[in-house]
1. Just add up the charged neighbours of L20: K/R +1, D/E -1, any other residue whose Cβ is under 11 Å from the Cβ of L20.
2. For an R0 of 30 angstrom, estimate the FRET efficiency from the Cβ-Cβ distance between A96 and V54 and round to the nearest 0.05.
3. Between S41 and T73, with labels modelled 7 Å along Cα→Cβ, what's the label distance in nm to one decimal, could you check?
4. With Cβ to Cβ distances under 12 Å as the rule, what net charge do the other residues near L51 carry (K, R +1; D, E -1)?
Amino acid sequence: MTGLTTWQTDDPCPACGTHLTEVCGPASDRVIQQCRACAWSVTWAAPQLVLTAVQSEVLADMAADAIAYRRATTTGCPHCRPSPAADCPEHSPDHAQIESYRQLAADLTPAGGER
């Protein structure tokens with residue numbers, strides 16, 4: 001199984017007028033429009049989400065809140081206290097998630113730093 005998603009569009013084929021079919025994969029950076037009647041096709045870059053400055057700030061704030069929440073869950077843990085990167089079986093997923101949140105916040109802030 002390829003995991004491709006296929007759907008019929010309302011767009012007519014420029015060659016024959018039949019409704020086009022779009023094909024896209026779950027991690028694809030492109031969308032293929034094709035006509036099954038005459039074999040016409042075109043490949044487009046998948047649309048990318050562009051955030052406004054305000055939206056980026058809100059998401060960065062959300063990441064900071066999420067980091068604080070995850071840190072609070074490990075505060076009283078004797079295994080996490082000596083080294084936050086230690087493999088505490090209960091909290092290592094929290095530490096991995098904190099790193100993901102940090103990376104997201106860095107990607108969303110103009111200076112690339114933590115807020």
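1. Working: positive: R36; negative: D10, D11, E22.
That works out to -2.
2. Values: r = 29 Å, r/R0 = 0.97.
Once the sixth-power term is evaluated, E becomes 0.55.
3. A separation of 4.4 nm, rounded to one decimal place.
4. Values: positive: none; negative: E57, D107.
Neighbour charge sum, excluding L51 itself: -2.
Where a number appears in this text, it was derived from the coordinates with a stated rule and is not lab data. All values reported here derive from a predicted model rather than from experimental measurement. Methodologically, a virtual Cβ is constructed for each residue, glycine included, from the backbone with ideal geometry; neighbour enumeration extends over all protein chains shown.
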